[in-house]
1. Does any residue in the range 202-214 that is at pLDDT 95 or above come within less than 8 Å, Cβ to Cβ, of a residue that is in a helix (DSSP H, G or I) and of a type in the set (Asp, Glu) six or more places away or on a different chain, and which pairs are these?
2. Can you confirm whether Ala155 is without any contact (Cβ under 8 Å) to a residue 40 or more places away in the chain and under 23 Å from Gln143 (Cβ atoms)?
3. Limited to the range 173-189, what total is found for residues that are touching a residue at least 40 places away in the same chain (Cβ under 8 Å) and over 17 Å from Leu216 (Cβ atoms)?
4. Check Leu127 against each of (1) in contact with a helix residue (DSSP H, G or I) (Cβ under 7 Å, 6 or more places away or on another chain); (2) under 26 Å from Glu240 (Cα atoms) and name the one condition it does not meet.
5. Return the residues of the range 90-145 that are outside any helix (DSSP H, G or I) and either modelled with pLDDT under 90 or within 19 Å of Glu163 (Cβ to Cβ) (or both); say none if nothing qualifies.
Amino acid sequence: MMGIHNPQTPHRIVPRAARLALWLSIGALVAPTGYCQTPQHELNSPGNAAARDDPAITAITQAFQDEDVSVRQAAVLALREVGPKAKAATAALAKLLRDPDGYVRLDAAHTLGRLGPVGVPCLTELLSDLDPRVRKLAVQTLQQIGPEANAAVKALAERLHDEDASVRQAAVLALREMGRSSRAAAAALAERLRDPDGYVRLDAAHTLERMGPEVLPSLADVLRDIDPRVRELAVQTVREIEKEAVSGVGKDAP
């Protein structure tokens, strides 16, 4: 509809509604290559092969790049309903964590989290994004995936030193959900008991408490810290670890 400039006119609303209906009616998606490396066995699965042969896939992937935010968001929400074929859209979906619209970013993150470990390589790359909002969202999505994202433990441990406190806190909470593999980050978590942000310190302590007696050696250094507040928090963490171990909770903790 060329020549129409007023966004309030019905003429603009009609094509928008038509595009929304199109994206919401499509039942499969596929991602373009060249962004991040999804595991090869996932890419070669019969479901993904069928998705790549469907012309509708190309159309819905293009919707992720639509100039209209409502179309991009509708495409993301539609992906949640298509079942296993949605994994073919992992890389394109991960790109939307950089979308200028906050709602699109959040919906993309939640949808990516539902796809499981197939999204971990893309999310791991986003952990080093220049925008702290993107880094935080990638961390939170890995937390949503949980233990199946344990391949990202090392990268999450690196985010414990992020310049942004909210990213550091998110990394602490994500490691709490990674299962036993998160114990590899125990030393880095213990260092967060010295964090200048109080919320990060407390969350680091609680995360260490859930890891069991195996992480006690990692606390040795902070127990000798020059700051009495750090030493006190370290002592409290040791106490809680021992309490859980005695009660048997620590044996089953991640």
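The values are calculated or read from the model by the stated rules, or taken from the named source; none is laboratory data. This structure is a prediction, so every number in the text was calculated from the model and none was measured. All Cβ positions, glycine included, derive from the backbone under ideal geometry; neighbour counts span all protein chains shown.
1. Note: pairs meeting the criteria are Ala205/Glu240.
2. Values: without any contact (Cβ under 8 Å) to a residue 40 or more places away in the chain: yes; under 23 Å from Gln143 (Cβ atoms): yes.
In short, yes.
3. Keep residues of the range 173-189 that are touching a residue at least 40 places away in the same chain (Cβ under 8 Å), which gives 176-180, 182.
Within this subset, residues satisfying the condition of being over 17 Å from Leu216 (Cβ atoms) are 176-179.
Of the residues in the range 173-189, 4 are touching a residue at least 40 places away in the same chain (Cβ under 8 Å) and over 17 Å from Leu216 (Cβ atoms).
4. So Leu127 meets the others, but not (2).
5. Result: Leu115, Leu127, Ser128, Asp129, Leu130, Asp131.
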